[in-house]
Each structure stands twice: as structure tokens, then as C-alpha cells.
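Structure first, commentary second.
The values are calculated or read from the model by the stated rules, or taken from the named source; none is laboratory data. The model shown is predicted, which means the values in this text are computed figures rather than measured ones. Backbone-built Cβ (ideal geometry, glycine too); neighbour counts: all protein chains shown. Protein only, heavy atoms only, side chains kept; ligands, DNA and RNA dropped before computing areas. Shrake-Rupley method; radii C 1.70, N 1.55, O 1.52, S 1.80 Å.
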Amino acid sequence: IQSTNAGTWEWNIQTGETQHNEHWANIIGYTLAEIEPIDTEKWISLIHPDDIKASDERMNACFEKRAEYYQSEYRIKHKNGNWIWILDKGKIISWTEDDKPLMMFGTHTDITEQKKKLARNLLFIEQTPTAIAMFDTHMNYLAVSEKWKENYGLTEKEDEDKFVRLDGTVQWLKWENKPWYNDDGTIGGLIMFTDDITARKKTEELLRISEEAFRGNFENAAIGMALLNEKGKWLKVNQSLCN
């Protein structure tokens, strides 16, 4: 436990009593003697109000046996008045005879620096002039650039496609997915880069129309016509020439 540099907690869910190690208190700027006794009510008072609901939902999933492990990231008030980010993990290790959760054990890890790095990355994505979006592993948006917002309507998972905008104009977009990684090397999600290729597609379409028109004229001409390479080799001839 000491080598992981994690704070530990043990919680009697039925009585609300808790036990914590010294490092748990040190993470938030206290000695254990300063902050004891720590019960459920005090723990909740330290958590940022906006983060309590998500934590409770994950905890209830363990109580109802819909999840084996509890894991939540939330802000907690440091002794100096600042909010720091905590990764809280735990598991119910015993149950009462009538199948209610009894004892739960878990760890606290300070992830404030990782959160700051992620915030800088998100800020970069939001302010970059190109179309970039960042996703988690469930394809939920984490951040998008303003240019991405302008490029309306991406829903398909292909590398390029045509989209009809709200004003009726046609836009072609090309995109590429790349993974982004957590500090431990695991994939945290995806970053998507997009490029507006409408001009290129319009050129390709005009070329295609031109080629089709030429082919129609070539094949149906009343006179014999042929295409040859620079050495005089036949490449293509029409039926009139063959006749």
C-alpha cells in the first residue's frame, strides 16, 4: 500500500463508520489526527457538490450488484482551500446475512496533475483552427474545436463522405481517427481530425463529367477515332474505326 502512494479507506456501510490511513489525510493536506473522526457525512462535505451525484450512482451500482468495483473521479476540498482531483476505487468485501452491503475497502489517488494535462489538451483542441474532436472509448465527445462545430453533421464512420448542409450546399469531409493515451499507456479514447475536401471533390466531379462526355462522343462518333500512346500503340479505338 505504501509503495502505491495511495490513501486507503475502509467503510462500514451499515453504521457509516470509516477507517483511513495517514496518507489518505495527507493527500488533502491534513494529518489523520486533525481530520478524525471521518464519517460518511464529513466525507460528503469535502466533495465538490457537482461531483456527488456521479459518485453516488457508481456506489449504488455496487450496492445493487450491477458492478463489482466502484471507481469515480471527483474533486475534494484541500486544507488550503483548493479543489484537487481524486481517483477513488473500491470494492465491497463482505455482506450481511440478509444480503446487504457491509464492509467496503478502497483507495484514494491524487490525479490533479493528470487532470491539468488533460485540461491543457482539451483547451488546445477547442482553440485550434482545424476541425478536431476528442472522444472517449465509448465515442462520447470530450472536446471539439470551433471548426468542428462549423462542419455540420458528421455521423458516419467512413474516412470521407458527402454532407448536405442546412443551407442546401454540398460539403465533402475527410477524416482520420487516432487514439489518445492515458499516462499508464492505456487508450483513453480517440482524436478525430477532419479536412474539408469539397474543392477537390468538385474538381473530380467536373473531370468525371468531362471524361464521360468525351467517352460518349468517342464511342458514338460516325468517323473512326483512336487513342494511341507516344510509341504509336493502340490504347482505345471506337467501333467506326473497326468497321
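A few comments on the model shown:
- For Lys79, the lysines whose Cα falls under 20 Å of its own Cα, not counting residues fewer than eight places away in the same chain, are Lys42, Lys115, Lys116.
- Cα-based Rg / Dmax (Å) for the range 14-158: 19.4, 60
- Within the full protein context, the accessible area of His23 is estimated at about 50 Å² for a probe radius of 1.4 Å.
- Simple label model, 7 Å out from Cα along Cβ direction - Gln14 to Asn140, nm: 3.4 nm
- Computed about the Cα centre, the dipole magnitude for the chain is approximately 1240 debye when only Lys and Arg (+1) and Asp and Glu (-1) carry charge, each at its Cβ.
- When the charge dipole of the chain is built from unit charges on Cβ atoms (+1 for Lys and Arg, -1 for Asp and Glu) and taken about the Cα centre, the candidate among Ile132, Asn243, Leu190 whose Cα reaches farthest toward its positive end is Asn243.
- Three-way shape label, the range 72-150, alpha-carbon gyration tensor, a/c 1.5: oblate
- These residues, Phe124, Phe163, Phe193, go from largest to smallest accessible area, 1.4 Å probe, as Phe124, Phe193, Phe163.
- Label point distance in nm, Ala199-Asn217, each placed 7 Å from Cα along Cα→Cβ: 2.8 nm
- Sorting Lys149, Lys231, Lys174 by accessible area puts them as Lys231, Lys149, Lys174; the probe is 1.4 Å, largest comes first, and only protein heavy atoms count.
- If the convex hull is drawn through the Cα atoms of the chain, its volume per residue in Å³: 247 Å³
- Computed on protein heavy atoms with a 1.4 Å probe, the accessible areas place Ser72, Ser3 in the order Ser3, Ser72, largest first.
- Prolate/oblate/rounded label for the range 113-243 (Cα gyration tensor, a/c 1.5): prolate
- Alpha carbon centroid spacing (whole Å) that separates the range 61-80 from the range 165-238: 51 Å
- A Förster radius of 51 Å, combined with the Cβ-Cβ distance separating Val164 from Thr109, puts the computed FRET efficiency at roughly 0.60.
- Helical runs assigned H by DSSP (4 residues or longer) give the chain a calculated mean residue ellipticity at 222 nm of -9000 deg cm²/dmol, each run adding -39500 (n - 2.57) before division by the residue total.
- Site pair Lys79 and Ser240 shows an inter-label distance of 9.6 nm when each label is modelled 7 Å from Cα along Cα→Cβ.
- Using equal-weight Cα scatterers in the Debye expression, the normalised intensity of the range 194-243 in log10 at q = 0.20, 0.21, 0.32 Å⁻¹ is -0.75, -0.78, -1.07.
- Multiplying the residue separation of Asn5 and Asp50 by 0.36 nm and removing their Cα-Cα distance gives an extension gain of 13.5 nm.
- Cβ charges +1 (Lys, Arg) and -1 (Asp, Glu), total dipole of the range 156-215, debye: 280 debye
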